[in-house]
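Accompanying notes for the structure given below.
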Amino acid sequence: MELLQYIKGEGYTEASFVHTDGNNCYLSLREIKTNEQLYEHLQLVPTRVHYFPLEREPYLECVTYEKTIKIKLIKGTL
């Protein structure tokens, strides 16, 4: 199963993260259709993805060889 379809299926509609350049970024998952589009917005292709659904603020952790990005997931209505 694709990552994006899975998190959308869990009810997440938005994501926020701090980009590697230090800027806060906000994504509407409604506008993103594929994993490739998601990775383009993140400007990385992860080698591993960890999903933490039970945290107070659920998040994904995308890991590459050089960096890790923590992506806060926000639920809404699709």
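Please treat every number below as a calculation from the coordinates, not as lab data. All values derive from a computational prediction rather than experimental measurement. Glycine also receives a Cβ, built like all others from the backbone with ideal geometry; neighbour counts cover every protein chain displayed.
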**OP:** Pick out which of Arg56, Arg48, Arg30 has the largest mean-square fluctuation in a Gaussian network model of the chain, springs linking Cα atoms closer than 10 Å.
**Re:** Arg56
Original post:
About its Cα centre, what dipole magnitude does the chain give when the only charges are +1 on Lys and Arg Cβ and -1 on Asp and Glu Cβ, stated in debye to the nearest 20?
Top reply: 180 debye
Original post:
Can you pull the Rg over Rh of the chain, Cα-only, Kirkwood?
Top reply: 0.92
Subject >> Cα centroid separation - the stretch 47-67 against the stretch 18-40, whole Å >> reply: 14 Å
